[in-house]
Amino acid sequence: MDTKQYKIILSGGGTGGHIYPAVAVAEALRRKLGERVDLLFVGAEGKMEMEKIPVLGYRIVGLPVAGLQRRLTLSNLLLPFKVMRSISQARRVIRQFGADAVAGFGGYASAPVLWSAQRMGIPTLIQEQNSYAGVTNKILAARANRICTAYDGMERFFPAEKILLTGNPLRGRFSAEGIDRNSAAEYFGLDPQKPILLVVGGSLGTRTLNNMMKKWVDRIVAENQMQVIWQTGKFYEREMSEYMASRDSKGIWRGAFIDRMDLAYAAADVVVSRSGAGTVSELCLVGKPVIFVPSPNVAEDHQTKNARALADKEAAMLIADDKAVDEVIPAAQALINNREKRETMIRNIRMLGISDSADRVADEIIKLIKHT
């Protein structure tokens, strides 16, 4: 019987795309090891992980590390000193915690702790969420023991012998099965007998997709050919509420948040979305035809590369942000009317889904500790 105690550091942050995969793996480790695992998160001071992680019941330590700004600023001049301080603090945290392994989930927050662990002889694992590897993970890959990826073909960034395709760890349950479409549509006050388009722009919202809906919503309602679940995002909700106040909104569900994304996916015939790594992974699991509108404002244009990886396999459509306002709704209507194309996209996108990703990554961390 395995009675070993496991002390594991999980690091990554700056955005939910780096934080929540780490949390999903933490939850998997707790399921597998119970009281025998001691987890510690390491993030960047002042970033969202310092607030989000403790709320979920985990300990976190913040380092003074910061990212490189694209313009010349005082913070860029101070960056080398912050990096050195962060490495020194990371070594101290690793030593005091007594880490058996360190897993990094991307973002500059993970760099000091993984870099330090690698030079202290502690096993490290990298989880890369995107189809185009981030700078931090590319730098750390040479000394990493295992690299878990969400996409095929990552040998162009990482040593092939270290790569394992695991998918992206997700919190909660996403599945193509088990939810009745009729009841899902009724949850949003929509007619199950009519096609439904889901437009989702993330928790804060997306200006492009909201402008798209402003342009087309009157025609959608007048033509009465499809219904829409429209998530505006918190940042834009007041503006969109004022815009819609004097308009007919029959067949349109609109809100800042969607509390039941599982029901929104189940109700939708077609989805319009950004293409962050977590969203892409969710859509692969629920198996929905999707038109991606990648954000042009992310590092290294990750979202376009994520969307392109699916579009090249006929598992999604891709429309550029600067064309979305004019082109997405006609494309979505055409897709709704093309059953054969939808079925092809559903079949292809489901082939890319990995439902037990968090467990796979957790298993690899445990193996690293046992075999060291």
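The values are calculated or read from the model by the stated rules, or taken from the named source; none is laboratory data. In this text the structure is predicted, and so the values were computed from the model without any measurement. We place every Cβ from the backbone using ideal geometry, glycine too, and count neighbours over all the protein chains shown. With ligands, DNA and RNA removed, areas are computed over all heavy atoms of the protein, side chains included. Shrake-Rupley method; radii C 1.70, N 1.55, O 1.52, S 1.80 Å.
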- Message: Can you report the number of residues in the stretch 278-295 which are open to solvent by 20 Å² or more (accessible area, probe 1.4 Å) and among the β-branched types (V, I, T)?
- Response: 1
- Message: Just to be sure I understand the filter: pairs with C-beta atoms under 6 Å, separated by 6 or more residues or on different chains, first member in the stretch 328-350 and of a type outside the set (V, I, T) and open to solvent by 20 Å² or more (accessible area, probe 1.4 Å), second member in a helix (DSSP H, G or I) and at pLDDT 95 or above. Which pairs pass?
- Response: none
- In the stretch 20-60, the residues that are assigned to a loop (DSSP other than H, G, I, E, B), surrounded by fewer than 21 Cβ atoms within 10 Å (Cβ to Cβ) and touching a residue at least 24 places away in the same chain (Cβ under 8 Å): M48, L56, Y58
- Note on the structure: Going through the stretch 313-335 in order, the residues found to be within 23 Å of the chain's Cα centre (by Cα), farther than 12 Å from V290 by Cα and not basic (K, R) are A320, D321, D322, A324
- Item | Filter result (at pLDDT 95 or above and open to solvent by 60 Å² or more (accessible area, probe 1.4 Å)) within the stretch 165-176 | L165
- Note on the structure: Only unsatisfied item for Y132, checking (1) buried (at least 21 other Cβ atoms within 10 Å of the Cβ); (2) closer than 17 Å to N306 by Cβ, is (1)
- Residue in the stretch 138-146 that is open to solvent by 40 Å² or more (accessible area, probe 1.4 Å) and either of a type in the set (S, T, N, Q) or touching a Pro at 6+ places or on another chain (Cβ under 7 Å) (or both) present: yes
- Scanning for something modelled with pLDDT under 90 and aliphatic (A, V, I, L, M), does the stretch 91-101 turn up at least one residue? no
- Message: Suppose the filter is open to solvent by 60 Å² or more (accessible area, probe 1.4 Å), farther than 19 Å from V65 by Cα and modelled with pLDDT of 95 or more; does L125 pass it?
- Response: no
- Name the helices (runs of 4 or more DSSP H) wholly within the stretch 177-270 that hold at least 2 residues that are open to solvent by 70 Å² or more (accessible area, probe 1.4 Å)? 181-187, 207-223, 237-244
- Check A307, A324, A311 and return the single one that is buried (at least 16 other Cβ atoms within 10 Å of the Cβ) and farther than 15 Å from T206 by Cβ. A311
- Considering each of G17, G13 in turn, give the residue that is surrounded by 16 or more Cβ atoms within 10 Å (Cβ to Cβ), in contact with a Gly (Cβ under 7 Å, 6 or more places away or on another chain), among the small types (G, A, S) and not in a helix (DSSP H, G or I). G13
- Taking the stretch 125-172 and keeping only residues that are in a strand (DSSP E or B), touching a residue at least 40 places away in the same chain (Cβ under 8 Å) and under 18 Å from K7 (Cα atoms), one is left with L125, R146
- Query: Taking the stated definitions as given, is S75 among the hydroxyl-bearing types (S, T, Y), open to solvent by less than 20 Å² (accessible area, probe 1.4 Å) and at pLDDT below 95?
  - Reply: no
